[in-house]
Amino acid sequence: MASAASSAAAPFWRAAGMTYITYSNICASLVRSCLKEPHKTDALSREKVHFSVSKWAGGKPEKPSTIFSLSFSLSRDDFCC
Amino acid sequence: MAMAALRKEGRRILLSPNPAIAVRSAILSDIKCKYITGFSRAILLHVVRNRMKSVKNIQKITKAMKMVAASKLRAVQVRTENSRGIWQPFTALLGDTPSVDVKKNVIVTITSDKGLCGGINSTSVKVSKALYKLTSGSEKETQYVILGEKGKAQLVRDSKKSIALNITEIQKNPLNYTQVSVLADDILKNVEFDALRIVYNKFESVVSFIPTVATVLSPEAVEKESEAGGKLGELDLYEIEGGDTKSEILQNLAEFQFSCVMFNAVLENSCSELGARMSAMDSSSRNAGDMLDRLTLTYNRTRQASITTELIEIISGASALTG
């Protein structure tokens, strides 16, 4: 699976509705999770995401939604084996 | 009657939003108090003392804010200067094309969530409005994406119809690339664009920042531009590795470029914000100091006047008895 994915990775994640940014974030997060302990907590602190978005329609803001984490649904355990 | 006027005057001293007027009125009442009784003079002394106390407290707060901004700035400045290396390769490869003429423009205005930082928010709002005027026209569409509370408050007044997205609270944690890239991803998914124009304040030094526009083109626009020649025409000189086509590569590049430019822009802007806050707070503590000096003068003069009056009363009373 891993070798097949690396040769034709681009269509796969693009077909899953990811942008390059999400894809590279997943890769970065995987690399971070492979670090050893003193560096790992340090690196994980750079992964914190917090902001709130509100869409506007017709000159009015809609209810803001707060985003706390990377927006991909696959958990890290699915990748690490 | 005089008492009522004085009380009114005193309230104006306490509540006046403009410090210059407040001081002037304090001095005015100083002149008035030469003609009033000792009792109301005691009240005036009290009023001035209260005013001095509040000015002193405000000065303490502004000094503290200045210190906080200064210590935050030091950390952010290093990261900002390092983050400049992240967009420079993109500009070397794709060039910066602020004059590109496309149909769908999205202006990303970066402002701060908090105020008390001088003019940086109004500068970026002003630049965004100018860009809006430049890019709008017949068959063209321009939208705003606003980062930060302050930019929203200013743009909602006259251009709320063209706001597409508003993002706040990005500075809860220290800024990091992951966060900004998730944010950039959100923007990409929610707006349609041919060109993204990111407006931010580039940090130059603690006292100066330059309003800057960075342009990120959509892959289609890049391709169109590269066919037209110029800097982007050199793109065909590059060899593409792997099985990806040119359009795929361009799309990936455009997305990654946007997140990198955003990362740098957000950092630059927060750095400028802290610098601006530092200098604003510095000048306001200095102003508070000046005001305090003037108030102290008024206070002492009034006190001295009351002492002199009392002395005159005592002496003239004594001389009346003896004489």
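Numbers below:
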{"quantity": "Any hit, the stretch B:249-266, residues being charged (D, E, K, R), under 30 Å from B:Ala221 (Cβ atoms) and more than 10 Å from every other protein chain (Cβ to nearest Cβ)", "calculated": "no"}
{"quantity": "Whichever residue in the stretch B:243-257 is in contact with a Pro (Cβ under 7 Å, 6 or more places away or on another chain) and of a type in the set (S, T, N, Q) and, among such residues, is modelled with the highest pLDDT", "calculated": "B:Gln251"}
{"quantity": "Inter-residue pairs, beta-carbon under 6 Å, first over 19 Å from B:Gln171 (Cβ atoms) and in the stretch B:115-143, second assigned to a loop (DSSP other than H, G, I, E, B), 6+ apart", "calculated": "B:Lys140/B:Lys103; B:Thr142/B:Ser136"}
{"quantity": "Filter result (more than 14 Å from chain B (Cβ to nearest Cβ), surrounded by 11 or more Cβ atoms within 10 Å (Cβ to Cβ) and at pLDDT below 85) within the stretch A:38-81", "calculated": "A:Phe79"}
{"quantity": "Residues being among the aromatic types (Phe, Trp, Tyr) and over 24 Å from B:Ser83 (Cβ atoms) - total across the stretch B:242-257", "calculated": "0"}
{"quantity": "For B:Gly115: the one exception among (1) part of a helix (DSSP H, G or I); (2) surrounded by fewer than 19 Cβ atoms within 10 Å (Cβ to Cβ); (3) among the small types (Gly, Ala, Ser)", "calculated": "(1)"}
{"quantity": "Residues within the stretch B:238-266 that are of a type in the set (Ser, Thr, Tyr) and not in a loop (DSSP other than H, G, I, E, B), tallied", "calculated": "2"}
{"quantity": "Residue selected from the stretch B:142-197 under the condition assigned to a strand (DSSP E or B) and either modelled with pLDDT under 90 or facing chain A (nearest Cβ under 8 Å) (or both), by the criterion farthest from B:Glu220 (Cα to Cα)", "calculated": "B:Thr168"}
{"quantity": "Residue tally, condition among the hydroxyl-bearing types (Ser, Thr, Tyr), within 19 Å of B:Asn252 (Cα to Cα) and touching a residue at least 24 places away in the same chain (Cβ under 8 Å), over the stretch A:18-49", "calculated": "2"}
{"quantity": "Residue check, B:Ser128 surrounded by fewer than 19 Cβ atoms within 10 Å (Cβ to Cβ), more than 14 Å from every other protein chain (Cβ to nearest Cβ) and touching a strand residue (DSSP E or B) at 6+ places or on another chain (Cβ under 6 Å)", "calculated": "no"}
{"quantity": "Criterion violated by B:Val216 - all others in (1) part of a helix (DSSP H, G or I); (2) not assigned by TED's automatic domain parsing to the domain that holds B:His46; (3) not basic (Lys, Arg) satisfied", "calculated": "(1)"}
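The values are calculated or read from the model by the stated rules, or taken from the named source; none is laboratory data. In this text, all values refer to a predicted model and were calculated from it rather than measured experimentally. We place every Cβ from the backbone using ideal geometry, glycine too, and count neighbours over all the protein chains shown.
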